[in-house]
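S.K.: First the structure, then my questions, so here it is.
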Amino acid sequence: MAFAEQATVEGCPVTYKLGENTKKYTLRDNGFMETNSGNFQLIRPLDATPQSKQGFKLKITVSQDVSQLKMSVTTANGMKAMNIFKSDNHKMNQEKFYFLMDGMIDRGCFEKVEA
C-alpha cells in the first residue's frame with residue numbers, strides 16, 4: 001500500500017487526510033512512533049480489552065515529510081489487512097475504530113474528507 005494524501009481502511013465509508021496544522025511533534029504527542037525509515041507509525045488494538053493479543057489492530061503510517069498517509073486494519077500479527085465493515089459481527093471493532101479516529105480529529109492530527 002502506497003502513501004496518499006487521503007486514506008481509509010478497507011470497507012470504511014469515511015476518508016481521512018492529515019490536518020492542516022499537523023507537525024511531527026503533533027504526531028509524537030499523540031502516540032506515533034518514528035520508524036527506522038523516518039516515517040511515523042501508530043498501532044492501536046481494536047479489541048474490547050487492550051490486553052488481548054488476539055484481535056484486530058489499526059495501523060496508521062504518516063510519511064516522514066508529514067504530507068501523506070496510509071492506514072489499514074490488520075490481523076493481530078499485522079500481516080494481513082482485514083475488512084471489519086463487511087458484516088455486523090465486528091460492530092464493536094467499528095465503534096472502536098471511529099472512537100480512535102474521532103479522538104485524533106479532535107487533537108488536530110486528521111480531518112474527515114467530504115465526499
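Values in this text are rule-based calculations from the coordinates and carry no lab data. No experiment lies behind these values; they were computed from the predicted model shown. Heads up, the Cβs are rebuilt from the backbone with ideal geometry, glycines too, and the neighbour counts pull from every protein chain shown.
S.K.: Under a GNM of the chain (C-alpha, springs under 10 Å), which listed residue has the highest mean-square fluctuation: K86, K96, K23?
M.R.: Largest GNM mean-square fluctuation: K86.
S.K.: Right, next: Measuring from label point to label point, each 7 Å out along Cα→Cβ, what is the N21 to E111 span in nm?
M.R.: Label-label distance for N21 and E111, simple model: 1.2 nm.
S.K.: Calculate one ³J(HN,Hα) per residue across region 81-86 by plugging θ = phi - 60° into the Karplus curve 6.51 cos²θ - 1.76 cosθ + 1.60, and present them in order as whole Hz with x for glycine and proline.
M.R.: My calculation for region 81-86 gives 6, 10, 10, 7, 9, 7 Hz in order.
S.K.: Can you list residues whose amide H is under 5 Å from L46's amide H, if they're 5+ apart or on another chain and H is modeled 1.01 Å from N?
M.R.: Here the answer is F56, K57, L58, since their amide H atoms fall under 5 Å of that of L46.
S.K.: Taking K86 as the anchor, which aspartates and glutamates have their alpha carbon closer than 18 Å to its alpha carbon, excluding any fewer than eight residues away along the same chain?
M.R.: Result set, ordered by chain and number: E10, D47, E95.
S.K.: Counting helices only, and only those DSSP H runs with n ≥ 4, report the 222 nm mean residue ellipticity of the chain as the sum of -39,500 (n - 2.57) divided by its residues, in deg cm²/dmol to the nearest 500. Walk me through the numbers on the way to the answer.
M.R.: Numbers: 2 runs with 22 residues, N = 115.
Helix contribution divided over all residues of the chain: -6000 deg cm²/dmol.
S.K.: Still on this structure, I have one more. Please build a GNM for the chain, connecting alpha carbons under 10 Å apart, and tell me which residue among M92, M79, M104 fluctuates the most.
M.R.: Evaluated over the chain, the most mobile residue of the options is M79.
S.K.: Okay, moving on. I want to verify a result. In a Gaussian network model of the chain, Cα cutoff 10 Å, which of these has the top mean-square fluctuation: L18, L69, L100?
M.R.: L100
S.K.: Roughly how many debye, to the nearest 20, is the charge dipole of the chain about its Cα centre, given +1 on each Lys and Arg Cβ, -1 on each Asp and Glu Cβ, and no other charges?
M.R.: Working: 15 positive and 13 negative charges, 80 e Å.
For the chain, the charge dipole is close to 380 debye.
S.K.: In nm, to one decimal, how far is the modelled label at N36 from the one at V66, with both set 7 Å along Cα→Cβ?
M.R.: 2.5 nm
S.K.: What angle, in degrees between 0 and 90 and rounded to the nearest 10, separates the Cα long axis of helix 91-106 from the longest principal axis of the Cα atoms of the chain?
M.R.: Around 20 degrees separate the two axes.
S.K.: Between A7, I43, L27, whose Cα lies farthest towards the positive end of the dipole of the chain when Lys and Arg beta carbons carry +1 and Asp and Glu beta carbons carry -1, centred on the Cα centre?
M.R.: Positive-most Cα among the choices belongs to I43.
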